[in-house]
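This report concerns only the one structure given below.
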Amino acid sequence: QQQVKQSPQSLIVQKGGISIINCAYENTAFDYFPWYQQFPGKGPALLIAIRPDVSEKKEGRFTISFNKSAKQFSLHIMDSQPGDSATYFCAASKTGANNLFFGTGTRLTVIP
Amino acid sequence: EPEVTQTPSHQVTQMGQEVILRCVPISNHLYFYWYRQILGQKVEFLVSFYNNEISEKSEIFDDQFSVERPDGSNFTLKIRSTKLEDSAMYFCASSQLAGSYNEQFFGPGTRLTVL
């Protein structure tokens, strides 16, 4: 059972462009949606997270957009930089749970 | 900056052998987790651990798996009799507080290859 679906699998963006990664979830009990960033040889690191009481959260160049009725959320990276090249995972969880349900990851490459 | 460390970075083993994957969580963290990622697939939760006992586990975490905190710093995952399908990247994570709202810090992973 795939609780969180992520697309695309890979993404190539020019420097300065906008990177958009999409996720959809099935379980309406989910109420916490983090995005993790992973560089080669490193573990996933929390990038930004949102709860469903807001439709958008912005931290610097990174924005999460959340659509509760569609059960979708997305990560937007503005002014993408080569240093943003990494694998991005969306995830979801619910109150009281310890486990995160991850998407399959998106490998982002930002071309100089 | 404190980080979670894992050893070894790559483990190769024969089917049926026992393996122990080791993790050193961040020192003031109390909650510990194991996840795995089969190549090309999503990261999957295995188990969470607090106060020397399992607090939550997934259906993947069957009797072949066990976890232990043998001392004040290490957290281990043991697979008793490895199968080919256990080949995956195994991530250890830790957090200061319980619940997924609290940031889980991940280690770099151990790639397990079962031949």
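Only the coordinates and a few stated rules stand behind these numbers; no lab work does. Remember, it's a predicted structure, so these values are computed and weren't measured experimentally. Because the Cβ atoms are built from the backbone with ideal geometry, glycine has one as well, and the counts that use them run over all protein chains shown.
Please arrange B:ARG80, B:ARG36 by how many other C-beta atoms lie within 10 Å of their C-beta, fewest to most. Numbers along the way, then the final one.
Numbers: B:ARG80 13, B:ARG36 25.
Taking fewest neighbouring Cβ atoms as first place, the list is B:ARG80, B:ARG36.
For chain A, state the average projected area of the convex hull of the C-alpha atoms over all orientations, rounded to one decimal in nm².
Numbers: hull surface 27.5 nm².
It is 6.9 nm².
Would you please give the FRET efficiency between B:TYR50 and B:ASN74, computed as 1/(1 + (r/R0)^6) with r the Cβ-Cβ distance and R0 = 22 Å, to the nearest 0.05? Display every interim value, and only then the final one.
Numbers: r = 16 Å, r/R0 = 0.71.
It comes out at approximately 0.90.
Sorted from fewest to most neighbouring beta carbons within 10 Å, what does the list B:TYR101, A:TYR25 look like? Show your work: numbers first, answer last.
On the way: B:TYR101 17, A:TYR25 21.
Ordered by Cβ neighbours within 10 Å, fewest first: B:TYR101, A:TYR25.
Starting from the 7 Å offset along Cα-to-Cβ, what nm value, one decimal, do you get for the label separation of B:MET15 and A:GLN3?
Distance between the two pseudo-spin positions: 3.1 nm.
Give the aspartates and glutamates reachable from A:LYS42 as a straight Cα distance under 16 Å; neighbours fewer than 8 places away on the same chain don't count.
A:ASP84, B:GLU1, B:GLU3
With a sphere of radius 14 Å drawn around the Cβ of A:PHE30, what net charge do the other residues whose Cβ falls strictly inside it have (Lys, Arg +1; Asp, Glu -1)?
Working: positive: A:LYS5, A:ARG51, A:LYS68, A:LYS71, A:LYS94; negative: A:GLU26, A:ASP31, A:ASP53.
Value of the local net charge: +2.
Would you calculate the convex hull of the Cα atoms in the protein assembly as shown and tell me its volume per residue in Å³? If you can, show how the numbers build up before the last one.
On the way: hull volume 28.1 nm³, N = 227.
Measuring per residue, one finds 124 Å³ for the Cα hull of the protein assembly as shown.
Report D for the stretch A:16-72 in µm² per second (integer): Stokes-Einstein, Kirkwood Rh on Cα pairs, 37 °C, 0.692 mPa s. List each step's numbers first, then the result.
On the way: Rh = 12.6 Å.
Estimated via Stokes-Einstein, D reaches 260 µm²/s.
Ignoring solvent entirely, what values of log10 I(q)/I(0) come out of the Debye formula for chain B at 0.15 Å⁻¹ when each Cα is a single scatterer?
-0.59
Where in the stretch B:81-104 is the amide nitrogen less than 13 Å from a point lying 7 Å along the Cα-to-Cβ axis of A:THR95?
Only B:101 fall inside the zone, counting backbone N under 13 Å.
Does the stretch B:40-90 come out rounded, prolate or oblate, given a ≥ b ≥ c as the square roots of the eigenvalues of its C-alpha gyration tensor, rounded meaning a/c under 1.5 and, failing that, prolate meaning a/b above b/c? Intermediate results must be reported in sequence, preceding the final value.
Working: a/c = 1.84, a/b = 1.58, b/c = 1.17.
Cα axes put the stretch B:40-90 in the prolate bin.
Once you list every other residue whose beta carbon is under 9 Å from the beta carbon of B:PHE75, what net charge do they have if Lys and Arg are +1 and Asp and Glu are -1? Mind dumping the intermediate values first?
On the way: positive: B:ARG22, B:ARG69; negative: B:GLU68.
With Lys, Arg at +1 and Asp, Glu at -1, the net is +1.
In the protein assembly as shown, if the dipole is taken from +1 on Lys/Arg beta carbons and -1 on Asp/Glu beta carbons about the Cα centre, which of B:SER95, A:ALA49, B:VAL19 is farthest to the positive end?
Going by the charge dipole, the pick is A:ALA49.
Among the lysines, which have Cα under 23 Å from the Cα of A:LYS68 when same-chain residues fewer than 8 positions away are ignored?
Once the sequence-local lysines are set aside, what remains near A:LYS68 is A:LYS5, A:LYS57, A:LYS58, A:LYS94, B:LYS42.
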